[in-house]
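Taking it in order: structure first as structure tokens, then the write-up.
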Amino acid sequence: MKDPYSVLGMDKTATPEELKERYYALREQYGEQRFKSGEEGNEGARKLQELEEAWNRINATVEHDTVTASFNGDYSIIDELIRQGKYNEAQDMLDSIQDRNGEWHYMQSIVFYKREWLTESKAQLEMALREDPNNPKYKSSLEKLNMVIGGPQRPNQNANPNPNQQAQQNQGGYNGGYNNQQPTYDNPQDMSNCLSTCCCAYCLTDCLCSAMRCC
């Protein structure tokens, strides 16, 4: 595959403005040439396609370099990208950092968490703690993530069924014949336990998002 800069007749030292100016000039030239008859027209169409492919590659490189060059050691930049939902840009910036300390692993864990890769997020938090064992932020986030991954257990609703309800179920007369499709509660405490469990799961996830700076 040809070097995309050579397709434009430029090198990597060219500025983004110079590259863009050259691209538009060649696109106009090849765009006119492709409408000519015979081999000259075919050559224009081929060069136009080659130009577009080269420009896409150069443009992607320029955008990547612009993002990564903006990191100056301040992780709040990456945090803001995550808050805006720009996970690819945040990942690009993380990938560009050579010194991967505890905060790096912490931020990587947030990106993984937002992508719902919980196992990978946990592994990154564990690495963050190895780098900084006494960091309360890392400890709290890992504890909450472990609770979310483990998940609260639902109470055993049928451990002590009401004899009358059980008899009705066996006869097919309970809940209009849908005996096993709806959970039943023998007393208000059973329903309270279930609601508490659901609220617990919701609160754990909500607290983890807050702890890991996920808005």
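A few comments on the model shown:
- In segment 96-121, of all residues being free of Cβ contacts under 8 Å to residues at least 24 places away in the same chain and more than 13 Å from TYR75 (Cα to Cα), the one that is least open to solvent (accessible area, probe 1.4 Å) corresponds to PHE112.
- Among the criteria (1) without any contact (Cβ under 8 Å) to a residue 12 or more places away in the chain; (2) open to solvent by 60 Å² or more (accessible area, probe 1.4 Å); (3) more than 21 Å from ILE58 (Cβ to Cβ), the one GLU32 does not fulfil is (1).
- For segment 149-167, the condition holds for no residue, the condition being that it is closer than 23 Å to LYS86 by Cβ and either under 21 Å from the mean Cα position of the chain (by Cα) or at pLDDT 95 or above (or both).
- Flag if GLY73 is at pLDDT 90 or above and not aromatic (Phe, Trp, Tyr): no
- Members of segment 1-18 that are closer than 15 Å to GLU50 by Cα and either free of Cβ contacts under 8 Å to residues at least 24 places away in the same chain or out of contact with any helix residue (DSSP H, G or I) (no Cβ under 9 Å at 6 or more places or on another chain) (or both): MET1, ASP3, SER6, GLY9, MET10
The values are calculated or read from the model by the stated rules, or taken from the named source; none is laboratory data. These numbers come from a predicted model, not from an experiment. Don't worry about glycine lacking a Cβ; one is built from the backbone with ideal geometry, like all the others, and counts go over all protein chains shown. The protein model used for the area step is the full one, side chains on, heavy atoms only, and it has no ligands, DNA or RNA in it. Shrake-Rupley method; radii C 1.70, N 1.55, O 1.52, S 1.80 Å.
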